[in-house]
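See below for the structure under consideration.
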Amino acid sequence: MARFRNAESLFSLFLLLVGTGVLSYASYSGILERGRPGPGMFPFLAGLLMAAASAGSLWKAYAGGEAEPRGESVDLGMVGRIALILAAMIGLVLLAEPLGLLIASTAMMVLIGLTCRAEPLNRRFVGNVIVVSILFGIANHLFFKYFLKVPLPEGLFGLM
Amino acid sequence: MTDSLGMLMNGILATLLTWQYLLAVVIGSLAGLLIGVLPGLGPAAGVAIMLPVVVTLDPTTALAMLAGIYFGAMYGGAITAILLGIPGDAPSVMTVLDGHPFAKQGEAGRALGLSTYASFIGGLVGLIGLTFSAQILSRYALAFGPSEITALMIFSMSMVSLFASGQPAKGFAVLGFGIWLGLIGLDPITGGPRFTLGTVELLDGLDFAVVAVGLFGLGEMLISMRDAVIKGNPSTYSYRSMMPRLADLYATRKAMGVGSAVGFMIGILPGVGATAATMLAYAAAKKISRTPEKFGNGSLEGIAAPEAANNAASYAAMVTLFTLGIPASATTAVLLAGLVMLGLQPGPLLFQQHTEFVWTLFGTFYVGNLVLVVLTLALVPLLAAAIFIPRAYLYPIVLAIIVYGIYSINFSTFDLLIVVVFGVIGYFMKLTNFPMVPLVLGLILGPILEVNIRRMLIASRGDWTAFLDSSISLTIYLMTLVLLVAPFLLRRLTAARAGAVPQ
């Protein structure tokens, strides 16, 4: 088990950085032009709100009484599974056009199915995941393509 | 009032006689029941996942289906709470306390039956409350022009950010983030690109559905990976045991009444939510009970009160959504996104401009509440078994639906990348208790607010007092100010009083 301390403060810091970036963008794009609001006015307000409130949240975490910042225990195996799910989805995005959405989504389903397993990997389980992925993948594809009439990427193989 | 009741009756008849509406109610309710029993998928995630699928339908059918998912999830959560002691969603936590012990005593059928009827009664009370409150509030719709709408948006954003979590700073930080996300794309007045990172795909801005699916759908699935795999043996029951027992209904009438009333009153408050409503209803029912000692050990009143409350609260959350455009919960925030995507702006003018749509939609809610009783009782064994579907099969299926649904919106794989990004953001927000409702509200209302404010300032030649030209907007701004300042002043006052008391 690894221990990720103070995830709350990290997210506040992320918002503070984004807010500061938005504020600096706004200052260049014109907050007020001849007394009238320019394109930068709303980004300025949003950035100010984000930066000030996240700074307040950070301040509260460290100086406002929370002497011991709360830690969040995170199982590294779980982080690995989440990373694999996200990687499978990014892989789908990259492969959808060249391979077609049917093949890419079925491959994604198989990978995610194997990632989310609660039992040890064996031939029967892998076979079940592949069968479920192929059957549902085809049904889902047909539903969107023919019932909802969505033009889906067919890829190099031109499957469905 | 009689006109509205007539329109509501027409809406109910239209739902019963139009196959698309009826099918949407049934499919939505079924999907909601399933989502309600599956831990890791809440009503907000369910509505978000289905959002891209239904946007191609006509608004009434689409909203009837989304609302069916929301209300169905409220019914479904109780099934696993009673049979397995595992709440399907957060509002059914209180049902576990008495529902599961009662089931373990061999009375699972009675508990399931009672929870279903209590849900129906709570839902009915919520619906009647929604009908009358909406009717009263919508009378003032014509008094709302651009200046009043702007004031109302600022009020609702402040209110939701203040109450959505225990820490207002987090709420406002997330609101700012949401407003900024809403600004990505072309400037509505000058037409110049803002925050597009030089990409063509971001010129049109971020789609609500894409962000909502990432935050609520993928984000919730990722966070549920932390939970252990569900193992257990469901309690046994028979269909006959689930049939209504007049004695049980009579014995729990006060608990149901209190639960429904508390649920509606709490549910109407933005940011408080159905879970708090069930807790307060449980406490209130225990207080008025003749046998409070039974609570926690299998009390019928302990099942009836929270179940009535969570359903009443889910309909109450619609009051502010439809009349003021303020979502009271995460699910209603996603529904707000759905309404906007379908070309409808919830708020005071909705009842004036889309009268038939509103009353037909309310008609589908009434029919849906009845349909849910039949479906819940008929499908309990199937739904209870669904909880044991391994994630290895369930999650790939849900993600495949997400992928196709998101692709269908703009026929773009770029949107899928956005879903992944917001899935990660949603995961961290859940992990760190940052509220999501202000983000969705900022994303939806931010761009509308910007256009309103800039147009008004251009028209008034930079005169900011144009925003205070009516008594309604002035009152709303004063209310916003009180809302923002009062907690701070109260804290100072309490601290000063505590300091004055000698130790």
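Remarks
- Whichever residue in the range B:374-415 is of a type in the set (Gly, Ala, Ser) and more than 18 Å from B:PRO87 (Cα to Cα) and, among such residues, is surrounded by the fewest Cβ atoms within 10 Å (Cβ to Cβ): B:ALA378
- Test: residue in the range B:236-256 that is closer than 30 Å to B:GLY423 by Cβ, at pLDDT below 85, surrounded by fewer than 24 Cβ atoms within 10 Å (Cβ to Cβ) and not polar (S, T, N, Q): no
- Conditions (1) among the hydroxyl-bearing types (Ser, Thr, Tyr); (2) within 12 Å of another protein chain (Cβ to nearest Cβ); (3) buried (at least 18 other Cβ atoms within 10 Å of the Cβ); number of the one not met by B:SER473: (2)
- Number of the exception - A:ALA7 against (1) in contact with a strand residue (DSSP E or B) (Cβ under 6 Å, 6 or more places away or on another chain); (2) of a type in the set (A, V, I, L, M, F, W, C); (3) more than 7 Å from chain B (Cβ to nearest Cβ): (3)
- Residues that are among the hydroxyl-bearing types (Ser, Thr, Tyr) and farther than 26 Å from B:ALA305 by Cβ were ranked within the range B:24-83; the one that is modelled with the lowest pLDDT is B:THR56.
- Number of residues in the range A:108-122 that are of a type outside the set (Val, Ile, Thr), assigned to a helix (DSSP H, G or I) and free of Cβ contacts under 8 Å to residues at least 24 places away in the same chain equals 3.
- Residue within the range B:164-174 that is at pLDDT below 80, under 22 Å from B:THR480 (Cα atoms) and not hydroxyl-bearing (Ser, Thr, Tyr) present: yes
- Of all residues in the range B:394-408, those being out of contact with any Ser or Thr (no Cβ under 9 Å at 6 or more places or on another chain) and under 11 Å from B:VAL213 (Cβ atoms) number 4.
- Checking B:VAL419 against (1) within 14 Å of chain A (Cβ to nearest Cβ); (2) surrounded by fewer than 21 Cβ atoms within 10 Å (Cβ to Cβ), the condition it does not meet: (2)
- Tally of residues being within 7 Å of chain A (Cβ to nearest Cβ) and under 28 Å from the mean Cα position of the chain (by Cα) across the range B:175-194: 6
- In the range B:166-190, the residues that are on the phi > 0 side of the Ramachandran plot form Cβ pairs under 7 Å with partners that are small (Gly, Ala, Ser) and surrounded by fewer than 24 Cβ atoms within 10 Å (Cβ to Cβ), at six or more places apart or across chains, as follows: B:GLY185/B:GLY205.
- Which numbered condition A:LEU17 fails, given (1) outside any helix (DSSP H, G or I); (2) under 26 Å from the mean Cα position of the chain (by Cα): (1)
- Selection within the range B:433-464: residues that are surrounded by fewer than 19 Cβ atoms within 10 Å (Cβ to Cβ) and facing chain A (nearest Cβ under 8 Å). The member of this set that is nearest to B:MET50 (Cα to Cα) is B:ASN433.
- Single residue of B:ALA312, B:ALA277, B:ALA285, B:ALA261 found to be without any contact (Cβ under 8 Å) to a residue 60 or more places away in the chain and farther than 20 Å from B:GLY109 by Cα: B:ALA285
- Test: residue in the range B:369-380 that is farther than 20 Å from A:GLU97 by Cα, at pLDDT below 90 and within 11 Å of chain A (Cβ to nearest Cβ): no
- Qualifying residue in the range A:109-125 (condition: touching a strand residue (DSSP E or B) at 6+ places or on another chain (Cβ under 6 Å) and facing chain B (nearest Cβ under 10 Å)): no
- Scanning the range A:72-92 for residues that are over 28 Å from B:ASN433 (Cα atoms) and either acidic (Asp, Glu) or crowded, with 22+ Cβ neighbours inside 10 Å (or both) yields a count of 1.
- Pick from the range B:381-402, criterion of a type in the set (Val, Ile, Thr) and within 21 Å of B:ALA108 (Cβ to Cβ), ranking: nearest to the other protein chains (Cβ to nearest Cβ): B:ILE389
- Search result, residues across the range A:144-157 that are part of a helix (DSSP H, G or I) and either more than 8 Å from chain B (Cβ to nearest Cβ) or at pLDDT 95 or above (or both): A:LYS145, A:TYR146, A:PHE147
- Summed over the range B:319-345, the residues that are in a loop (DSSP other than H, G, I, E, B) and either of a type in the set (A, V, I, L, M, F, W, C) or surrounded by fewer than 24 Cβ atoms within 10 Å (Cβ to Cβ) (or both) give a count of 6.
- Just one of (1) in a helix (DSSP H, G or I); (2) surrounded by 24 or more Cβ atoms within 10 Å (Cβ to Cβ) fails for B:MET9. It is (2).
- Selection of the range A:17-31 for residues being more than 8 Å from chain B (Cβ to nearest Cβ) and on the phi < 0 side of the Ramachandran plot yields A:LEU17, A:THR20, A:GLY21, A:LEU23, A:SER24, A:ALA26, A:SER27, A:TYR28, A:ILE31.
- Failed item in (1) β-branched (Val, Ile, Thr); (2) assigned to a helix (DSSP H, G or I); (3) in contact with a strand residue (DSSP E or B) (Cβ under 9 Å, 6 or more places away or on another chain), with B:ILE223 passing the rest: (3)
- Whether a residue is crowded, with 16+ Cβ neighbours inside 10 Å, within 18 Å of A:PHE42 (Cα to Cα) and of a type in the set (Asp, Glu) was assessed, and B:ASP207 does not pass this test.
- Failed criterion for A:PRO98 (all others in (1) in a helix (DSSP H, G or I); (2) surrounded by 18 or more Cβ atoms within 10 Å (Cβ to Cβ); (3) touching a residue at least 40 places away in the same chain (Cβ under 8 Å) hold): (2)
The values are calculated or read from the model by the stated rules, or taken from the named source; none is laboratory data. Remember, it's a predicted structure, so these values are computed and weren't measured experimentally. Quick reminder, even Gly has a Cβ in these numbers, built from the backbone with ideal geometry, and neighbours come from all protein chains shown.
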